[in-house]
1. Filtering region 45-81 down to residues that are under 14 Å from the mean Cα position of the chain (by Cα) and of a type in the set (Phe, Trp, Tyr), which residue is surrounded by the most Cβ atoms within 10 Å (Cβ to Cβ)?
2. Pick out, from region 187-264, the helices (runs of 4 or more DSSP H) lying fully within it that include 2 or more residues that are touching a Lys or Arg at 6+ places or on another chain (Cβ under 9 Å) and either surrounded by 14 or more Cβ atoms within 10 Å (Cβ to Cβ) or free of Cβ contacts under 8 Å to residues at least 40 places away in the same chain (or both).
3. Consider only pairs whose beta carbons are under 9 Å apart and that are at least six residues apart or on different chains; among these, list those whose first residue lies in region 3-31 and is closer than 13 Å to Ile49 by Cα and whose second residue is surrounded by fewer than 19 Cβ atoms within 10 Å (Cβ to Cβ) and among the basic types (Lys, Arg).
4. Hey, among the residues in region 82-122 that are hydroxyl-bearing (Ser, Thr, Tyr), open to solvent by 20 Å² or more (accessible area, probe 1.4 Å) and assigned to a helix (DSSP H, G or I), which one's nearest to Val20 (Cα to Cα)?
5. Please enumerate the residues belonging to region 127-155 that are in a helix (DSSP H, G or I) and of a type in the set (S, T, N, Q).
6. Taking region 1-44 only, how many residues are in a strand (DSSP E or B) and under 17 Å from the mean Cα position of the chain (by Cα)?
7. Touching a residue at least 24 places away in the same chain (Cβ under 8 Å) and acidic (Asp, Glu) - does that describe any residue in region 63-80?
8. For region 94-130, give me each residue that is among the hydrophobic types (A, V, I, L, M, F, W, C), in contact with a strand residue (DSSP E or B) (Cβ under 7 Å, 6 or more places away or on another chain) and closer than 13 Å to Thr161 by Cα.
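The values are calculated or read from the model by the stated rules, or taken from the named source; none is laboratory data. No experiment lies behind these values; they were computed from the predicted model shown. Cβ: placed from backbone, ideal geometry, glycine included. Neighbour counts: every protein chain shown. SASA here: full protein model, heavy atoms, side chains in, ligands and nucleic acids out. Shrake-Rupley method; radii C 1.70, N 1.55, O 1.52, S 1.80 Å.
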Amino acid sequence: MASEAYNYETLAVTRPSEKVFQVMLNRPEKRNAMNKTFWREMVECFNQIGKDSDCNAIVLCAAGKTFTAGLDLAEAQDMFISDSELDAARKAFYFRDLIKRYQETFSVIEKCTKPVIAAIHSGCIGGGVDMVTACDIRYCSQDAWFEIKEVDIGIAADVGTLQRLPKIVGNDSLVRELVYTGRRFTADEAKSFGLVSSVLPDRDAVLASALQTAALIASKSPVAVQGSKVNLIYSRDHPVSESLDYMANWNMSMFQTEDVLKAVVAFMSKGKEAANFSKL
């Protein structure tokens, strides 16, 4: 079911089941290349979904034959040309502002407290890797392949891959190999080093599996799930002692939620009674 409240040019937002939203990259004729409109709309979309109490989980997928070709190179020349009359320092400030805005396009996925599941098929290139590393869970089809392509266009990846991939994979040597060479790696290889947690036969299967997982997550307490996401991200970026202290401060309030009693009653019923959690 399409959502009238979410009207975008490069994204199609639907609600395939209760409390589950699907965000689909929707430029199939351009292999879902990331143009200026996409970089802006992703921020608007995820900020809006983050505040939507009807949503507990999100599936991020793509229309067409390719998940994404990454940066729209047809627009790149205009996107990265500043006023030639500006001196070097002012050009530098211009580019810093541009990069920070583009970084937010994928950081907004991480900042959204609702879990985001990436359902990847076929090519996931350049900015696509930046994007999926900001997601909570990643599934892909057997025909999926990945490239950290930025070195082949003369730049270092600057919107998330270099910061997030090492913490996902945990293999410094491999990350450096993939980043420095820009070589293609397959779905099976991605699963072997932990970039994805499941490889499915085809696009339909990976989307169905992602939606099934999203529905299961959406059935849980949103206080518990969203609190878990916030604390997982905090723990990734802080020492264990600080993270435990942050967790204690978090749960000293969250222990008082009605969701605890509802969840316990449902558990004690041994499946006879489902918990009906309030919106968050």
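1. Phe67
2. So the answer is 203-218, 222-236.
3. Close Cβ pairs (under 9 Å, with a partner that is surrounded by fewer than 19 Cβ atoms within 10 Å (Cβ to Cβ) and among the basic types (Lys, Arg)) amount to Ser3/Arg15; Lys19/Lys279; Phe21/Arg15; Gln22/Arg15.
4. So, considering only residues that are hydroxyl-bearing (Ser, Thr, Tyr), open to solvent by 20 Å² or more (accessible area, probe 1.4 Å) and assigned to a helix (DSSP H, G or I), the one nearest to Val20 (Cα to Cα) is Ser107.
5. Thr133
6. So the count comes out to 11.
7. Within region 63-80, one or more residues are touching a residue at least 24 places away in the same chain (Cβ under 8 Å) and acidic (Asp, Glu).
8. Cys124, Ile125, Val129
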